[in-house]
Amino acid sequence: MSSMMAPTITRQVNGALLATVSNGSRQIRKAILQLLINVIGYGMDKESAIQATCVYVEDSGICIEGGLPDRVIETVTPHYHGIRRLGRALSFGWIHSVIVRGAGLLSFGDSNHGGTNNMSAVVRC
């Protein structure tokens, strides 16, 4: 099994910084990319984006971490050799993020893997 790190920092239009990290293996980049697409492309709030189903292509098949409606899965099935449904507790690439906005620090963790959400003040040194 491969291992990697891919800490990612993005600046949002409103000036807030979004720092994201994920543990796992090959799925890290895919999980972070899906978070950014959900937030930037689809305008999802960070908590919903982190909890969203993760779908990615791996070895000519599709892996689904979480749930999707059966009609969606039936639509893509003919185009791929196999569909693997992974429960969220079995998935890799768990996302944890922090947003720095003004003097506030907002954290989001994947609640399916013990992450929590917290709002606190940033301590300035």
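All of the numbers you see were taken from the coordinates with simple rules; none came from a lab. Every value quoted in this text rests on a predicted model; they were computed, and no experiment measured them. So basically every Cβ, Gly included, is an ideal-geometry build from the backbone, and we count neighbours across all protein chains shown.
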>> Under the rule of at least 5 residues apart or a separate chain, name every residue whose amide H is placed under 5 Å from the amide H of residue 44.
In response: 39
> What order do you get for 7-17, 47-57 when each peptide is scored by the mean count of other beta carbon atoms within 10 Å, highest first?
Replying inline: 47-57, 7-17
>> Starting from the 7 Å offset along Cα-to-Cβ, what nm value, one decimal, do you get for the label separation of residue 29 and residue 42?
In response: 2.2
> Between residue 5 and residue 81, 0.36 nm times their residue separation minus their Cα-Cα distance comes to what?
Replying inline: 24.5 nm
> Roughly how many nanometres apart are two label points built 7 Å out from the Cα toward the Cβ at residue 107 and residue 74?
Replying inline: 4.4
> What's the FRET efficiency of residue 17 with residue 53 using the Cβ-Cβ distance as r and R₀ = 30 Å, to the nearest 0.05?
Replying inline: 0.70
